[in-house]
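Beneath this line is the structure, given in structure tokens, with notes to follow.
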Amino acid sequence: ELDPVSVAITTGIIIAVGIIMFLLPPVPGVPVYITIGIVLVSKVEDSMGFVGGIMYGIALSLGLKISAIFMQQKIIGEMWGSKSVAIRSMVGINSVELRAMRRALSEPGPSFGKVAILIGGPDWPTSVLTGIMRLSYPVMAFYSLPVVFLIAPCVVSGALLVKASAEGGIYESLNSLAVTLTVVVQSGSMIVAAQTLAKYAVKYEAELRAEEPDQEVLKLEQKKARKVAIAKELASWKHLSFPTKLLHITSVLLMTASCWAFQLIGTTLFVTFDITDSIDEDLNGDVLSLIKDPGYVALAAFGAATAWY
């Protein structure tokens with residue numbers, strides 16, 4: 001619970017965790033924005049009101065996004081990317097898609113395509129690429145500002161989730177609407193970005209394919225490909241011993257059974273716990289009491305299947 005914690009400390013914790021998540025390549029911004037809506041809006045509602053809390057959450061989310069762009073672009077991309085083969089490989093610097101992105105972002109002046117890529121493209125690779133290209137951070141940050149239209153539904157969804165859990169009624173309907181809007185704008189932005197990249201890839205296909213690849217990255221990727229091919233061959237079914245095959249089959253069955261159990265009989269495995277419930281009051285301070293005895297069996301099966309596989 002964050003009730004005894006001040007707004008300033010809560011905000012500081014969210015900023016620290018949010019920045020860390022943004023700097024992880026696989027993590028998109030959506031879970032950060034939704035978490036801000038869940039945690040921060042309810043925290044400041046008494047002093048700012050519900051709408052004021054949402055506005056505060058959106059502003060903080062936008063600030064986090066712009067700050068993350070700076071770190072991804074200037075530090076990871078510009079400072080490290082030009083020297084690190086691994087980072088350039090993670091970005092996919094030799095792929096046609098990244099070459100098309102580089103072509104679009106390097107065009108002078110504002111354009112719809114540039115904005116679409118910056119706000120709808122994958123967060124980490126896009127910002128790191130702009131750093132490797134040594135593009136202007138103020139310009140990239142300015143063109144990224146329309147991301148606020150993607151952030152707002154996420155924050156509202158998180159805030160309404162808490163309201164729906166605590167008060168129900170119309171908030172449940174509003175939460176469903178906000179979640180739908182979040183899915184639509186997030187999916188739409190990715191589709192537009194993908195279409196923009198596809199347009200550049202088709203329009204400049206010959207030119208993009210003729211570009212000289214990054215030789216260091218090419219050698220690294222070829223080395224990785226050889227390792228993957230060897231590992232795939234050694235792990236092929238025909239080369240596995242009977243005990244290993246039996247172990248794989250068992251792990252798949254356990255994984256499948258546990259996943260179905262989580263979906264179909266979740267209330268038999270775990271105690272119902274809403275987002276507005278209290279660990280101290282509803283679980284007597286013991287978070288493990290969320291798990292019923294059958295739940296431990298399902299979790300053990302899932303863990304064993306994961307470890308064996």
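The values are calculated or read from the model by the stated rules, or taken from the named source; none is laboratory data. This is a predicted model, so every value here is computed, not measured. Ideal geometry is used to build each Cβ from the backbone, glycine not excepted, and the neighbour counts take in all protein chains shown. Just the protein is used for accessible areas: all its heavy atoms, side chains included, with ligands, DNA and RNA removed. Shrake-Rupley method; radii C 1.70, N 1.55, O 1.52, S 1.80 Å.
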Review point. Is the shape of segment 101-252 rounded, prolate or oblate, going by the alpha carbon gyration tensor and its root eigenvalues a ≥ b ≥ c, with a/c under 1.5 for rounded and a/b larger than b/c for prolate?
Key: oblate
Revision key, fill the gap. Simple SL model, points at 7 angstrom along Cα→Cβ for A86 and F70; separation in nm is 2.6
Practice item. Can you tell me the dipole magnitude for segment 153-258 around its Cα centre, using point charges on the Cβ only (Lys, Arg +1; Asp, Glu -1), in Debye to the nearest 20? Key: 560
Exercise for review: For F270, enumerate residues with amide H under 5 Å from its amide H, sequence gap 5+ or separate chain, H modeled in the peptide plane.
Suggested key: K292
Check your understanding: How about K65: which lysines have a C-alpha closer than 20 Å to its C-alpha, ignoring those fewer than 8 places off in the same chain?
Key -> K74, K114
Check your understanding: Can you run phi through the Karplus equation (6.51, -1.76, 1.60; θ = phi - 60°) for segment 100-117 and list ³J(HN,Hα) in whole Hz, with x for Gly and Pro?
Key -> 5, 4, 4, 5, 5, 6, 8, 5, x, x, x, 7, 4, x, 5, 5, 4, 5
Revision key, fill the gap. With 0.36 nm assigned to each residue of separation and the Cα-Cα distance removed, K292 to S136 gains 50.7 nm
Study note, to complete from the structure: The FRET efficiency for V271 and F112, from their Cβ-Cβ distance with R0 = 45 Å and rounded to 0.05, is 0.35
**Study point:** GNM flexibility winner over the chain from Q222, Q263, Q72 (Cα, springs under 10 Å)
**Key:** Q263
**Study point:** Spin-label zone in segment 265-289 - amide nitrogen under 12 Å from a point set 7 Å from the Cα of L299 along the C-beta vector
**Key:** 269-271, 287-289
Exercise for review: Go through H239, H248 and list them by solvent-accessible area, largest first, probe radius 1.4 Å.
Suggested key: H239, H248
Practice item. Determine the per residue accessible area of segment 1-131 with all protein chains present and a 1.4 angstrom probe, expressed in square angstrom. Key: 42
Check your understanding: Got the relative contact order for the chain handy, in percent, Cα pairs under 8 Å and 6 or more residues apart?
Key -> 19
Review point. Per the helix-only calculation at 222 nm, which mean residue ellipticity applies to the chain, given -39500 (n - 2.57) for every DSSP H run of n ≥ 4 and division by its residues, nearest 500 deg cm²/dmol?
Key: -24000 deg cm²/dmol
**Study point:** Between segment 1-74 and segment 165-232, the alpha-carbon center distance in angstrom
**Key:** 24
Study note, to complete from the structure: Once both label points are put 7 Å beyond Cα along the C-beta direction, the H248-E205 separation in nm becomes 3.7
Practice item. Take the chain, connect every pair of alpha-carbon atoms lying under 10 Å apart with a spring to form a Gaussian network, then pick out the residue of I36, I76, I275 with the largest mean-square fluctuation. Key: I275
Point to revise | Under 25 Å from K224, Cα to Cα: lysines that are on another chain or at least 8 residues apart | key: K83, K232, K238
Check your understanding: Among L247, A16, S157, which residue has its Cα positioned farthest towards the positive end of the charge dipole of the chain, with +1 placed on the Cβ of Lys and Arg, -1 on the Cβ of Asp and Glu, and the dipole taken about the Cα centre?
Key -> L247
Check your understanding: Comparing M48, M101, M255, which has the greatest mean-square fluctuation in the GNM of the chain with Cα pairs linked when under 10 Å apart?
Key -> M255
Check your understanding: Do any trypsin sites (Lys or Arg not before Pro) in segment 45-117 lie in a DSSP loop with no more than 13 other beta carbon atoms within 10 Å, and if so, which?
Key -> K83
Review point. Using a cut-off of 15 Å between alpha-carbon atoms, which aspartates and glutamates can reach K163, once sequence neighbours fewer than 8 places away in the same chain are excluded?
Key: E45, D46, E172, D274, D277
**Study point:** Label-to-label distance, nm, for residues given as D280 and Q263 (7 Å Cα→Cβ offset)
**Key:** 3.9
